[in-house]
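Sharing a structure with you now.
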Amino acid sequence: MSSGSAPAEGTPEPGHGGTRAVLAALGANLGIAATKFIAFGLTGSSSMLAESIHSVADSGNQVLLIVGGARSRREPTGRHPFGYGRVRYLYAFIVSIVLFSVGGLFALYEGLHKLEHPEPIVAWKWVPVVVLLVAIGLESFSLRTAIQETNLVRGGASWWRFIRHARAPELPVVLLEDTAALSGLVFALLGVGLTLLTGDGAYDAIGSLAIGVLLVLVAAVLAVETTSLLIGESATEDQAAAIQVALVDGTVLQRVIHLRTVHLGPEELLVAAKVGVPATLSAQQVASAIDAAEVRVRTAVPIANLIYVEPDIYRDGD
């Protein structure tokens, strides 16, 4: 999500696709959370408790993304004249905080606590294994949905590049969450399985610690990337180049002196430019040329919905 070129230049950012992936993840996590809590209640497994809280945190995060998307569609007001598009970034940042505190820190606490006082799993021994295998299947479905929706918009970019440079936060968040969830389930399965095989509860505690470390790392990545979006990222390099070309007509608008762009939301781009014009032209000629340039810019980069162009006298040698 950092400034720079995006993976799929000219490709629409996730909108409907992001919502579909979020809803798939929410449905999967609600079902998984319920079964994990039942398994924890029957066995007292530390890894199962950590994974239960993890699923609750993930479910809450998906609700946050849905609410953020809904609130971002509010109409501009006098107090917020550029609209509420960045609300999606704010809610994505809150997701990183929830993942860090509710998911990561709790799993670390539970793992350390059980490591000091390890307890074997003595009742309903194979229930957590069955639950974890079912959860892995459900989580794989959720991740598969996120991957399918991401493939529609990422072009030929790598997964990491897509996560770093995407301007819409929903799909990167779901991709990271689902990947962390699937990895956490594997850690939990290893911890529970080794505890059942050896009778040593320390393996269960280590599984919980591994889940905690994983969630803290994913939360840190999300926090860094969404902070960049909150501050305000520019258009991609390809979009900026297309805007430069569209602004200049070679006669009235002879060059771009400087160009500034910033995302007001994933699908809203503010463009501010100073352009050089001949000193001999009338105000009407300049105004007509600017109007035509705005049409060209919106054609080249459809998300450039707010355009401000300032004319300046072009001087040879400037």
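The values are calculated or read from the model by the stated rules, or taken from the named source; none is laboratory data. For clarity, every value in this text was computed on a predicted model and none was experimentally measured. So basically every Cβ, Gly included, is an ideal-geometry build from the backbone, and we count neighbours across all protein chains shown.
Give me the residue from the range 109-138 that is within 15 Å of Met48 (Cβ to Cβ) and of a type in the set (D, E, K, R) and, out of that set, surrounded by the most Cβ atoms within 10 Å (Cβ to Cβ).
Per the criteria, the residue is Lys114.
Exactly one of these conditions fails for Leu217: (1) assigned by TED's automatic domain parsing to the domain that holds Ala304; (2) closer than 30 Å to Ala146 by Cα; (3) at pLDDT 90 or above. Give me its number.
Unmet condition: (1).
Could you go through the range 275-296 and let me know if any residue there is modelled with pLDDT of 90 or more and either closer than 23 Å to Tyr89 by Cβ or among the aromatic types (Phe, Trp, Tyr) (or both).
Checked the range 275-296: no residue is modelled with pLDDT of 90 or more and either closer than 23 Å to Tyr89 by Cβ or among the aromatic types (Phe, Trp, Tyr) (or both).
From (1) assigned to a helix (DSSP H, G or I); (2) in contact with a strand residue (DSSP E or B) (Cβ under 9 Å, 6 or more places away or on another chain), pick out the condition that doesn't hold for Phe82.
(1) is the only condition that Phe82 fails.
List every residue pair whose Cβ atoms lie under 6 Å apart, where the two residues are 6 or more positions apart in sequence or sit on different chains, the first residue falls within the range 201-213 and is in the same structural domain as Leu115 (by TED's automatic domain parsing) and crowded, with 22+ Cβ neighbours inside 10 Å, and the second residue, located anywhere, is acidic (Asp, Glu) and assigned to a helix (DSSP H, G or I).
Ser208/Glu110
Hey, another quick one. Only one residue in Thr261, Thr251 is at negative phi and crowded, with 16+ Cβ neighbours inside 10 Å. Which one?
Only one candidate qualifies: Thr261.
Now, a different point. Is it fair to say Leu259 is assigned by TED's automatic domain parsing to the domain that holds Leu182 and closer than 30 Å to Pro172 by Cβ?
For Leu259, the condition - assigned by TED's automatic domain parsing to the domain that holds Leu182 and closer than 30 Å to Pro172 by Cβ - is not met.
Give me the residue from the range 99-126 that is closer than 14 Å to Ser47 by Cα and among the aromatic types (Phe, Trp, Tyr) and, out of that set, modelled with the highest pLDDT.
Across the range 99-126, the extreme among qualifying residues is Tyr109.
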